[in-house]
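Here's the structure we're looking at; comments come further down.
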Amino acid sequence: MPSINPSRVTLRHHIHQSFFSQMQKITFTCFTKIIATITLVSAAAFSPVTSANDEAGKLLFLKGASPACAICHTLEAAGAAGAVGPSMNELQPDAARVVNALKNGIGQMPAYTSLTPEQVKILSEYVAKASRE
């Protein structure tokens, strides 16, 4: 029976332990980077992004339309607390409903014939989106 050299066994054992320890560190580092990437991508995907149209819609709501929508309507995202018309946050109209109200008026609300078709589109999309935030 051949004799076993204890120093060779210890060295071999140390190499194996060192290798597996390094592999665990690499695996953990890769796993951590993957989780961090997924977290960043998820946060970016689900964070509200304010576009130029959102800002333009907010300005139209607050003072661009005449009379300003904010005089009558509440819309929290715009910081408006109107007391005459319905709250947009409660009503949560879709864009088509807002377009209809802007073009034709509804109840005490007048038609906004001075707004361009592009302004009507921007304002209606803003109200529809902002009322759900």
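Listed conditions (1) hydrophobic (A, V, I, L, M, F, W, C); (2) at pLDDT 90 or above; (3) part of a helix (DSSP H, G or I) are all met by residue 115, apart from (3).
For every residue, the table says whether it meets (1) surrounded by 16 or more Cβ atoms within 10 Å (Cβ to Cβ); (2) modelled with pLDDT of 85 or more.
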site	(1), (2)
31	no, no
40	no, no
78	yes, yes
111	no, yes
123	yes, yes
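Residue 94 satisfies every condition listed in (1) modelled with pLDDT of 90 or more; (2) charged (D, E, K, R); (3) surrounded by 16 or more Cβ atoms within 10 Å (Cβ to Cβ) except (3).
The values are calculated or read from the model by the stated rules, or taken from the named source; none is laboratory data. Because the structure is a prediction, the values reported are computed rather than measured. All Cβ positions, even for glycine, are placed from backbone atoms using ideal geometry, and neighbour counts span all protein chains on display.
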